[in-house]
1. With a cut-off of at least 3 residues that are in contact (Cβ under 8 Å) with a residue 60 or more places away in the chain and out of contact with any helix residue (DSSP H, G or I) (no Cβ under 7 Å at 6 or more places or on another chain), name the strands (runs of 3 or more DSSP E) lying wholly within segment 94-186.
2. I'd like to check something: does segment 71-82 contain any residue that is under 16 Å from the mean Cα position of the chain (by Cα) and either part of a loop (DSSP other than H, G, I, E, B) or at pLDDT 95 or above (or both)?
3. For segment 13-52, give me each residue that is assigned to a strand (DSSP E or B), among the aliphatic types (A, V, I, L, M) and under 27 Å from Gly153 (Cβ atoms).
4. Failed condition for Ala276, given (1) touching a residue at least 40 places away in the same chain (Cβ under 8 Å); (2) of a type in the set (A, V, I, L, M, F, W, C); (3) not in a helix (DSSP H, G or I), with all others met?
5. Sort out which residues of segment 168-197 are touching a strand residue (DSSP E or B) at 6+ places or on another chain (Cβ under 8 Å) and surrounded by fewer than 17 Cβ atoms within 10 Å (Cβ to Cβ), and write them in order of number.
6. Any chance segment 238-258 includes a residue that's under 23 Å from the mean Cα position of the chain (by Cα) and more than 17 Å from Cys36 (Cβ to Cβ)?
7. Would you say Ile20 is touching a helix residue (DSSP H, G or I) at 6+ places or on another chain (Cβ under 6 Å), of a type in the set (A, V, I, L, M, F, W, C) and surrounded by 19 or more Cβ atoms within 10 Å (Cβ to Cβ)?
Amino acid sequence: MNPPQRIASRAAIVGEDTPITRALPSRERRMVGAWCFLDHAGPVQFKPGAGLHVGAHPHIGLQTFTWMIEGEVTHRDSLGYEQVIKPGQVNLMTAGRGIAHTEDSVQDGERLHAAQLWIALPDAERHREPGFCNYPELPQLNADGFRATVIAGTALGQTAPTQVYSPLVGIDLTSEHSAHTTLPLDGSFEYGALVLRGEAVIEGELVRPGELLYFEPGRHELSVQADGPAQVLLLGGQPFGEEILLWWNFVARTQAEMEAAVADWEAGRRFGTVRAGTQAAPLQPPSLAGVQLRSHR
């Protein structure tokens with residue numbers, strides 16, 4: 001079995017000035033199962049009068065998956081949903097054929113810590129009607145000193161209520177003191193482990209925030225150890241069997257689909273209108289002129 005692949009996240013900014021690190025996609029690894037995007041926001045303490053404010057923007061062909069750790073953010077979308085996500089909850093928005101939304105800190109000047117993920121929808125589901133759901137309760141259990149929260153799929157005898165459309169899993173492992181567990185894995189899945197807080201030893205590899213450890217299929221267990229406060233996000237899934245295009249806020253299969261989505265957003269078609277509430281301006285896509293998108297999986 002090959003050793004795990006270590007991938008460095010890169011720094012970026014979302015909204016007006018919120019710092020994040022982006023683990024997926026990267027040059028070394030585009031996807032882990034159907035998980036095709038992973039931003040780690042914070043932990044950050046906003047200054048008075050500052051917070052997360054992301055203006056209206058569209059999505060197609062994917063699900064947005066927000067795992068909130070600290071802080072509160074208001075989601076508003078073009079279906080009319082307005083939902084505050086609190087720590088320990090998941091917001092799951094299915095873009096399907098097209099949806100638009102905004103994200104805003106409930107209170108400026110507070111802390112924020114979250115993971116923002118995207119899940120690529122398989123071809124049979126990517127044109128479905130859009131939808132949104134907040135999941136305030138997720139299964140938790142003690143795993144040898146870690147508090148394990150199953151946020152997607154089935155693990156450790158627990159199944160998350162989050163509705164997804166590909167074989168995948170997501171587990172948050174949090175420790176406040178020393179902990180050491182061995183997690184059973186699905187041998188048909190590939191996995192990625194990202195440390196969100198503190199540091200952890202994963203299969204003998206010391207991992208700190210900003211590093212993604214990737215494991216190819218064929219592994220049936222995973223050792224995770226922490227000597228103190230730490231938090232690890234473990235994602236897995238069957239390798240995605242379809243080539244996709246991922247550009248700006250869209251997942252598609254052809255460049256023509258991307259160009260049509262851009263044209264619809266700029267013309268005010270397809271995506272609807274998000275109700276007022278954000279102070280940030282709508283987002284505009286970069287130019288596709290002269291850009292040849294390259295598929296990946």
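1. Working: elements: 99-105, 111-120, 131-135, 140-143, 146-152, 168-175, 179-184.
By residue number, 99-105, 111-120, 146-152, 168-175.
2. yes
3. Val14, Ile20, Ala23, Leu24, Val32, Leu38, Ala41
4. (1)
5. Ser178, His180, Thr182, Pro184
6. no
7. Values: touching a helix residue (DSSP H, G or I) at 6+ places or on another chain (Cβ under 6 Å): no; of a type in the set (A, V, I, L, M, F, W, C): yes; surrounded by 19 or more Cβ atoms within 10 Å (Cβ to Cβ): yes.
Criteria not met by Ile20.
Every residue, every condition in (1) surrounded by fewer than 14 Cβ atoms within 10 Å (Cβ to Cβ); (2) more than 17 Å from the chain's Cα centre (by Cα), yes or no:
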position	(1), (2)
Asn91	no, no
Ala95	no, no
Glu103	no, no
Gly109	yes, yes
Ala124	yes, yes
Gln140	no, yes
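The values are calculated or read from the model by the stated rules, or taken from the named source; none is laboratory data. Everything quoted here is computed from the prediction, not taken from an experiment. In this analysis, Cβ positions are derived from the backbone assuming ideal geometry, glycine residues included, and neighbour counts consider all displayed protein chains.
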